[in-house]
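Here is the structure we will look at.
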Amino acid sequence: MRQLIVRRLLQSVPMLFFISLVCFALVKAAPGDPVLSFVTPNMHADDIERIRHNLGLDQPGYVQYGIWLKDSLTGNLGYSLVNHRPVMPQIVERLPATAGLMGASIALAVLLSIPLGLLAGSNRNRWVDKLVNLLAYIGISVPLFWLSILFIYFCSIKLHWLPSLGMHTIGKKGALDVIKHAILPCSVLTISFLSVYVRYIRSSAISQLKEDYVQIQYAFGSAKRTILFRHVMKHVLLPVITLLGMSLGDLVTGAIVTEAVFSWPGIGSLGVTAVRGFDYPIILGITLFASILLIVGNLLADILYGIADPRIKITR
C-alpha cells in the first residue's frame, strides 16, 4: 500500500505540471487585458504601460509562467490583480463555505442514491424503475442555473419559506441562519449529484443481481431485502467510491454556477469574480488547488478499492 501511495504521488507531479501549463496557456490566450481594469478615460499611454510593467505583464509568457511556477512551489500563488491580496489566503477564506455546501450535498446524494439505485435495479423495467429513471434523467438534463432560479421563485419569492441569497442574514450569524440559507443551494446540488449516482448504482445492481452468489442466496431462502442490503450493496459501492474520489475536486470548484446564482460566498463566486476581472492569479490558484484535490481523491479511491474488495489489492 505504501508503494502504491508513493508511486501515485510521483505520477501526480508531471500531471500537475501539465495541468498548470495548459491552464496558464488558456488564461493567456483568453480575450481581454487585465490592465484595462485599471485604466481611466484620461489616462496617458505611458501610465498604462507603467501599470503593465508593474504587474509583470510586459514580459514574455514563458517568463511569466516560470516566475509563477517558481513561486507556487513555495506555496506563494501570487497576488490578485484586482484587490492586490495574496491568492492563497483568499482561497482558504472561501474554502469552508464551499466545502460545507458541497460536502453536505454529496453526503445527502450518496445516502439517498444507494437505496434508490438498489430499488430501481432490483425492479428492472417495472414502474418503480421507470419512475426512478425518469426522475434521474430529468435531474441530469435540467441546467443547474434554471433549477436554482425555479427554487428561488417558488420557495423564496412566492412562498417566503427560505432566504434566497447569501449565507447570513444581516445582523445574524448563528448556525441555524446558515442552515436556512444553505437549504436551497444544497437541494439543487443534491438533485444534480443524486441523479448521476442513482444511474451508476442501478446499472451496477442489475449486473450484480445476475451473479451466482445472488442465486445461491435465493436458493437458501434469503429474503430479497437481505440479499440487496447485505450482499449486493457492498459490491455496488465500488462505482460510488470512484464517483466520490472524482468529487473531491468538486469540493472546491463544483458549485460555481450554484454559488453565483445564490450569491453563496464560496470559491465558485471568487472564481466568477476573477474571470470577470481577468484576475488570472486567482484563476490559476483555484485550478491548481482543485487539481491537487482531484488527484488526492483518485488516490483515496484506489486505497478504498482495496479495502472494499481485497481481490483488487491482490491483483496489483
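The values are calculated or read from the model by the stated rules, or taken from the named source; none is laboratory data. Computed from a prediction, not measured in an experiment: that's the story for all the values here. Note: ideal-geometry Cβ built from the backbone for every residue, glycine included; neighbour counts use all protein chains shown. Heads up: the accessible areas ignore ligands, DNA and RNA and are worked out on the full protein's heavy atoms, side chains in. Shrake-Rupley method; radii C 1.70, N 1.55, O 1.52, S 1.80 Å.
Of note:
- Average accessible surface area per residue within segment 69-200, 1.4 Å rolling probe, Å²: 57
- Projected area averaged over orientations for the chain, convex hull of C-alpha atoms, nm²: 22.0
- Convex hull volume of the C-alpha atoms in segment 9-107, normalised per residue: 157 Å³.
- Carbon/sulfur fraction of accessible area - the chain, other protein chains in place, 1.4 Å, %: 68
- Bridging of Lys158 to lysines at a Cα separation below 24 Å is possible for Lys172, Lys180, once same-chain residues fewer than 8 apart are set aside.
- Long hydrophobic helices in the chain, taken as whole DSSP H segments with a C-alpha length of 15 Å or more on their own axis and mean Kyte-Doolittle hydropathy at least 1.6: 280-308.
- Mean Cβ neighbour count within 10 Å, used as a protection proxy, ranking 257-268, 24-35 highest first: 257-268, 24-35
- Segment Ala45-Val63, extension gain: residue separation times 0.36 nm, minus the distance between their alpha carbons: 4.1 nm
- Set of lysines with alpha-carbon distance to Lys210 below 26 Å, sequence-local pairs under 8 removed: Lys130, Lys224, Lys234, Lys313
- Relative counts (whole %) of C-alpha pair distances in segment 87-161, using bins that are 5 Å wide: 3, 13, 11, 16, 18, 16, 11, 6, 3, 2, 1
- Estimated dipole of the chain in Debye, rounded to 20 [Cβ of Lys and Arg +1, of Asp and Glu -1, Cα centre]: 1420
- Segment Thr169-Asp71, extension gain: residue separation times 0.36 nm, minus the distance between their alpha carbons: 31.4 nm
- Taking every Cα-Cα distance in segment 173-266 and sorting them into 10 Å bins from zero, the calculated P(r) comes out as 13, 33, 24, 18, 10, 2 percent.
- Ratio Rg/Rh, restricted to segment 127-228 and using Cα atoms, in which Rh is the Kirkwood radius: 1.20
- The base-10 log of I(q)/I(0) for segment 43-197, evaluated at q = 0.11, 0.14 Å⁻¹, reads -0.72, -0.89 [Debye formula, identical scatterers on Cα atoms, solvent excluded].
- Neighbour-limited loop hits for chymotrypsin sites (Phe, Trp or Tyr not before Pro), segment 186-237 (at most 11 other Cβ within 10 Å; DSSP other than H, G, I, E, B): Phe220
- Net charge of Cβ neighbours under 11 Å - reference Val35; Lys, Arg +1; Asp, Glu -1: -2
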